[in-house]
Number of protein chains: 2
Amino acid sequence: MNGALSIGVAGLGTVGGGVLRLLSDNAALIEARAGRKIAVTAVSARDRGRDRGVSLAGMRWHDDPRVLAEDPNVDVVVELIGGADGPARGLVERAIAAGKPVVTANKALLAVHGAALAARAEAGGVALAFEAAVAGGIPVIKTLREGLAANRILSIAGILNGTCNYILTRMREEGKDFAEILADAQRLGYAEADPSFDIDGIDAAHKLAILAALAFGRPVAFEAVHIEGIRGISALDIGFAGELGYRIKLLGLARASAGGISARVHPCLVPAAAPLARVDGVYNAVVIEGDFVGRVMLEGRGAGAGPTASAVVADLIDLARGRTTPVWGAAAGALSDAPSVPISAHAGCYYLRLMVVDRPGVIADVTAVLRDLGVSLESMLQRGRSPAEAVPVVLVTHETREDAMRAAVARITALDAVLEPPTVLRIELPG
Amino acid sequence: MNGALSIGVAGLGTVGGGVLRLLSDNAALIEARAGRKIAVTAVSARDRGRDRGVSLAGMRWHDDPRVLAEDPNVDVVVELIGGADGPARGLVERAIAAGKPVVTANKALLAVHGAALAARAEAGGVALAFEAAVAGGIPVIKTLREGLAANRILSIAGILNGTCNYILTRMREEGKDFAEILADAQRLGYAEADPSFDIDGIDAAHKLAILAALAFGRPVAFEAVHIEGIRGISALDIGFAGELGYRIKLLGLARASAGGISARVHPCLVPAAAPLARVDGVYNAVVIEGDFVGRVMLEGRGAGAGPTASAVVADLIDLARGRTTPVWGAAAGALSDAPSVPISAHAGCYYLRLMVVDRPGVIADVTAVLRDLGVSLESMLQRGRSPAEAVPVVLVTHETREDAMRAAVARITALDAVLEPPTVLRIELPG
């Protein structure tokens, strides 16, 4: 137990550089907390010549990450390449086959191949740790899998993508539209050149799939997550939401009910006073509700070299101390087989914003459709008059089933006086 | 590893009853997450006849908790008696001497005798776990000791006593004075019949001492915590604070600086927009700042049977899985010997509220004292006029050293026109 733990790091981008810097800057403190030295002895990356601002002196270089996995002088493999397939997956599979614990920040890999990887890890008695895969530096994996392990988890709600939260926060604060803020976020480095992974909700859905698996003790099921992104959110809707006492957030939401597990990522209206509504900018936050603990909220930076390195090295310290946990919180045989609940079975309140021709009778037509489909209205808002022109109308429903809402929206969209497909947003009361 | 873990529980009050209920209600889930059954086989409490709403069938009864510690069929001892000395301490010492892991919710015991107990536990290679001792169900011990273990912790700030936060929240919402809300809180069960432990800050200081030891990796030092309670807070000050954009909270604050570790519990003014300012009622919250992770905040219920039981059983699951950590995060030999910084060396901004005779020249006298001691004023507030009567005057200083402030307050108190000792509150910007 007192020999140094020898680490091989594959992938030396922002996070990899951060891990090397953290292990070097805080070496004495980490040794005290880990009970032994943690030393990077081998690395692998695409470009050997690139200056990463950290010294690679004394570390073996492997062009092929799969060779790093089999380096006999590496005790633990850290995978920071990213991507659900390709070299990252190959590396992790090789490391597990070689009996080496793996630490990864790769949410896509875990969300898509997590069940198969967990089976391999369990068969080989090898640890697979991934605190850095969800919500950056916030120790939410440890909290769900260990800290709240005594609880039946009832629900999870989280702001899991910093790019989306940053964009929505700036849209609200500046009253500007999505495209303009996205372009500025790209210029400032808060959004990728190809932003679809973030703004279409895929990244948040990967993270939610992981959290839901841990929370409800069942194999990870990314394909069962209902996903909508934030491209359709306009400054107009953010303004109306504010007027109604809400903020628009992209949330990941998972809930256990008698019918099974629901998991969905979509923009929604959250009461302005709710704890999650007040989490702004690049911050992430997760609200977990357990049957004994009640509501617990964790908030912090969800990305970046420092926070992500903090999570990777926490996993290394756990391994150095011999602290391990089954990948999904329990052995495969002890996991639940609860079914997934489709989004069509969702029930909740809805915000519906139409652009209609401002003429008598339009509201009567719209509300007749809602009545016919059993959708009950809580409130209606029409600001400004402009006869025979397009004006926005906002409707808020009482609790309604998703399938009824969809049928109503289809009929409303077909009305002559309705000029474009309505904006439909779910209203949530997380935590 | 697959045999049942046999638990002895000493103390069957609210928390003890909660632990028994949780282990029974969630038995299947706990077995899956722990990898083995966790069964209470022995109990000890004062009154055998009392109805606790949970069945004690099949559990051995020990009148003397120390005998429970030596029960050969008990693998792990859970101490829920409470109190820094007496039977709780005797039980924990006996259990450690008998080589049995201990799980406790006892913050007083840990804060006062934690260094000696850690030495015994380390010498005996025995685990001593205490997630439930701080902030109830919020996994803050695990977060500091494991989740953020890669970080040099810079500061901690927390709302650590639900009773005080409940009283201060109601005082603000209802505009009522301390004594009235305290009496009502006692009637409703939110405050003890003898409330001094909570309202004088002792309970929060126990918890802060534990958090500071973990955060800064040094032996626990309760005697070095500066403590002030909330008895002196008036509705008048809460009102003025609100007018200035602040809320009054009882915070535990610990910080590492070049000179050493400062730790203090006192009521203070927090900007209304700060995350901690918005934590109301019986909720607890802790903001931790680490050098790599940045700011992380945890929020949840700080007391009560359910949340505390959640923390106790999380510790039991860790033990069942073989996950252990040195008591103060590192072996005794690897702990820091950083000195404690006395409150007299504190520097910060202050809120000062005087009751003065409303006559010309009084403010000039007060500000002359401040000038003479080098205390610079940021703002001054005097509401209402009432010549020759008592009126409140509020002063807010720029950053000032505590000792200069104390000297100034002594001189101001001695002025003829100052009618009662001033209220002095520190202004904090946590997180």
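The values are calculated or read from the model by the stated rules, or taken from the named source; none is laboratory data. What you are looking at is a predicted structure, and each value in this text was computed from that prediction instead of being measured. A quick note on method: Cβ atoms are made from the backbone with ideal geometry, for glycine too, and the neighbour counts reach across all protein chains shown.
Summary of values
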{"item": "Test: B:Glu228 is acidic (Asp, Glu), modelled with pLDDT of 95 or more, surrounded by fewer than 24 Cβ atoms within 10 Å (Cβ to Cβ) and closer than 30 Å to B:Pro326 by Cα", "result": "no"}
{"item": "Enumeration of residues in the stretch A:249-270 that are touching a Cys at 6+ places or on another chain (Cβ under 7 Å) and among the aliphatic types (A, V, I, L, M)", "result": "A:Leu250, A:Leu251"}
{"item": "Qualifying residue in the stretch A:175-198 (condition: touching a strand residue (DSSP E or B) at 6+ places or on another chain (Cβ under 9 Å), charged (D, E, K, R) and under 29 Å from B:Leu298 (Cα atoms))", "result": "no"}
{"item": "Any hit, the stretch A:200-211, residues being touching a Gly at 6+ places or on another chain (Cβ under 6 Å), in the same structural domain as A:Ile238 (by TED's automatic domain parsing), free of Cβ contacts under 8 Å to residues at least 60 places away in the same chain and closer than 21 Å to A:Ala309 by Cα", "result": "yes"}
{"item": "Subset of the stretch B:338-370 that is in contact with a helix residue (DSSP H, G or I) (Cβ under 9 Å, 6 or more places away or on another chain) and of a type in the set (Val, Ile, Thr) - its residue that is farthest from the other protein chains (Cβ to nearest Cβ)", "result": "B:Val369"}
{"item": "Breaking point among (1) assigned to a helix (DSSP H, G or I); (2) within 13 Å of chain A (Cβ to nearest Cβ); (3) not hydroxyl-bearing (Ser, Thr, Tyr), for B:Gly136", "result": "(1)"}
{"item": "Matching residues in the stretch B:110-139 - criterion: being buried (at least 24 other Cβ atoms within 10 Å of the Cβ) and charged (D, E, K, R)", "result": "B:Glu131"}
{"item": "Residue in the stretch B:140-164 that is nearest to the other protein chains (Cβ to nearest Cβ), counting only those that are assigned to a strand (DSSP E or B) and either surrounded by fewer than 24 Cβ atoms within 10 Å (Cβ to Cβ) or aliphatic (A, V, I, L, M) (or both)", "result": "B:Ile153"}
{"item": "Of all residues making up the stretch B:304-337, the number that are buried (at least 22 other Cβ atoms within 10 Å of the Cβ) and more than 7 Å from chain A (Cβ to nearest Cβ)", "result": "8"}
{"item": "Members of the stretch B:235-252 that are in a helix (DSSP H, G or I) and among the small types (Gly, Ala, Ser)", "result": "B:Ala235, B:Gly239, B:Ala241, B:Gly242"}
{"item": "Members of the stretch A:165-176 that are touching a Lys or Arg at 6+ places or on another chain (Cβ under 9 Å) and part of a loop (DSSP other than H, G, I, E, B)", "result": "A:Lys176"}
{"item": "Lone unmet requirement of (1) surrounded by 13 or more Cβ atoms within 10 Å (Cβ to Cβ); (2) under 28 Å from B:Ala345 (Cβ atoms); (3) over 30 Å from the mean Cα position of the chain (by Cα) for B:Ala414", "result": "(1)"}
{"item": "First in the stretch A:168-189 and in the same structural domain as A:Ala277 (by TED's automatic domain parsing) and under 13 Å from A:Arg231 (Cα atoms), second anywhere and surrounded by 12 or more Cβ atoms within 10 Å (Cβ to Cβ) and among the hydroxyl-bearing types (Ser, Thr, Tyr), Cβ under 7 Å, 6 or more apart", "result": "A:Asp177/A:Ser234; A:Phe178/A:Ser234"}
{"item": "Extreme residue, surrounded by the most Cβ atoms within 10 Å (Cβ to Cβ), among residues of the stretch B:274-295 that are at the interface with another protein chain (Cβ under 8 Å from one of its Cβ atoms) and under 26 Å from B:Ala150 (Cβ atoms)", "result": "B:Val293"}
{"item": "Extreme residue, surrounded by the fewest Cβ atoms within 10 Å (Cβ to Cβ), among residues of the stretch B:348-382 that are over 34 Å from the mean Cα position of the chain (by Cα) and touching a residue at least 60 places away in the same chain (Cβ under 8 Å)", "result": "B:Val357"}
